[in-house]
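As C-alpha cells, the structure follows; a few thoughts come after it.
Taken together, the values in this text are just the output of simple stated rules run on the coordinates, not laboratory data. Note that the structure is predicted; figures quoted are calculated from it, not measured. We place every Cβ from the backbone using ideal geometry, glycine too, and count neighbours over all the protein chains shown.
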Protein chains: 2
Amino acid sequence: MTTALHTTAATQACCAPLVAAPLDPQDAEALARTLKALADPTRLRLLSLVAAHEGGEACVCDLTDPVGLSQPTVSHHLKVLVDAGLLTRDKRGVWAYYALVPGALDAVAAVLGTQLRR
Amino acid sequence: MTTALHTTAATQACCAPLVAAPLDPQDAEALARTLKALADPTRLRLLSLVAAHEGGEACVCDLTDPVGLSQPTVSHHLKVLVDAGLLTRDKRGVWAYYALVPGALDAVAAVLGTQLRR
DNA sequence: CGCAGACATCGACGATCGTCAATATCGACA
DNA sequence: TGTCGATATTGACGATCGTCGATGTCTGCG
C-alpha cells in the first residue's frame, strides 16, 4: 500500500486537457502522482540519460556515475519512475536494463498542453 | 531566499525536449521546480478551475469552496503557482484575480513531449 | 560449492511539504 | 475615522521525500 503501482496514469491520458474543464479530484490525484515522479531533478536526468543512451536503454551501472549519487539512491529513483509507468525494467542476466515507456511522456504532455495543438 | 521567484522556468522552454540529449543539472533543477509546483492535486484543480472560470480568471473566494480547503491554504497554493510562473495575480480592489500565464503549460508540455510533434 | 559483482531492500537522518488556526494587511464604504 | 470583508502572512504540526550506509538477493563463473 506504500507506493501502489499506478501504471494507468501515464500510459493512458487520464482526462481532458486540464484547461478545458475543472479536473475532478480523482483525475487530479492521478495526474499529481505522475507529475510527482517527474518533479525531481535527478529523476529528470535519469529519464533523459536512459533515452539518450544507445539502444534507448541503460543499466544502473551506466547511470550511477553521471548523476553522482549512490547506487541505492539511483535504484530508488528508477523504481519510482517504473512505478509511475514512465520506465520499464528488463533484467537480463546480472544487469537490469531500463527504457522509456513509449507514449508515457507524451501522454503527460498532452494533458498539460492545449493551445499547442493545431 | 526561501522560495526565490523563478519566472523563467515555465514561460520560456528551458531546454531541448528531454529525450533528445541528457539534461544538464541546471536545466533539470529548473524543470523540476516547475513540475513540483504542478505535482499536487489541489494545485492542478486550482489551475483548471481558474482556466475554466468565466473570463479565464477567478478570485480566491471562487476557489476556496470547490477545493474544500481553508482560505489560507488556497492562498498558499496560488502563491506557489504564481511563483512558478504558471499563474498571474491581478489585485483589483479588494479581490485578487488569478489567471493562467498564456504559454506556460504548453512550454512544460513541449519539453516533456517529443514524438507528439509532427 | 563458493566467491564476486550487480542490483534491490531496509532503516535512519534531515529537509521539505500540505494543512490549519491565528493574526496581519489592505481597500471600500459609512 | 472606524468598521467590515477579502486576502496574505506567520507559526506550528504531522507526513512525505531524498539521501545514505548496511545488508539482502540473485546471477555467472571458477
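Rank B:LEU63, B:LEU105, B:GLY93 by how far each Cα sits towards the positive end of the charge dipole of the range B:63-108 (+1 on Lys, Arg Cβ; -1 on Asp, Glu Cβ) and give me just the farthest.
With unit charges placed on the Cβ atoms, the residue in question is B:GLY93.
In debye, nearest 20, what is the charge dipole magnitude of the protein assembly as shown about its Cα centre with +1 on Lys and Arg Cβ and -1 on Asp and Glu Cβ, if you could check?
On the way: 20 positive and 22 negative charges, 10 e Å.
I would put it at about 40 debye.
Leaving out same-chain residues fewer than 8 places away, which lysines sit with a Cα under 24 Å from that of A:LYS36?
A:LYS79, B:LYS36, B:LYS79
Could you tell me how many cubic angstrom of Cα convex hull volume chain B has per residue? All intermediate terms of the calculation are to be shown ahead of the outcome.
Working: hull volume 14.1 nm³, N = 118.
Output value, Cα hull per residue: 119 Å³.
Taking the label point as lying 7 angstrom from Cα along the Cα-to-Cβ axis, what are the distances from A:GLY93 to the corresponding position in the remaining copies, in ascending order and in nanometres?
Reported distances to equivalent positions: 7.4 nm.
What number, rounded to the nearest 500 deg cm²/dmol, is the helix-based mean residue ellipticity at 222 nm of chain A, given -39500 (n - 2.57) per DSSP H run of at least four residues and division by all its residues?
Details: 6 runs with 61 residues, N = 118.
Taking each H run of at least 4 residues, the total per residue is -15500 deg cm²/dmol.
Under a point spin-label approximation (7 Å from Cα along Cα-to-Cβ), what is the B:LYS91-B:HIS76 distance to one decimal in nm?
Here the answer is 2.0 nm between the modelled labels.
B:ASP24 label point, 7 Å along Cα→Cβ, cut-off 20 Å on backbone N: hits in the range A:50-76?
A:50-53, A:65-69
Lone cysteines in chain B, going by a 4.7 Å Cβ-Cβ cut-off?
B:CYS59, B:CYS61
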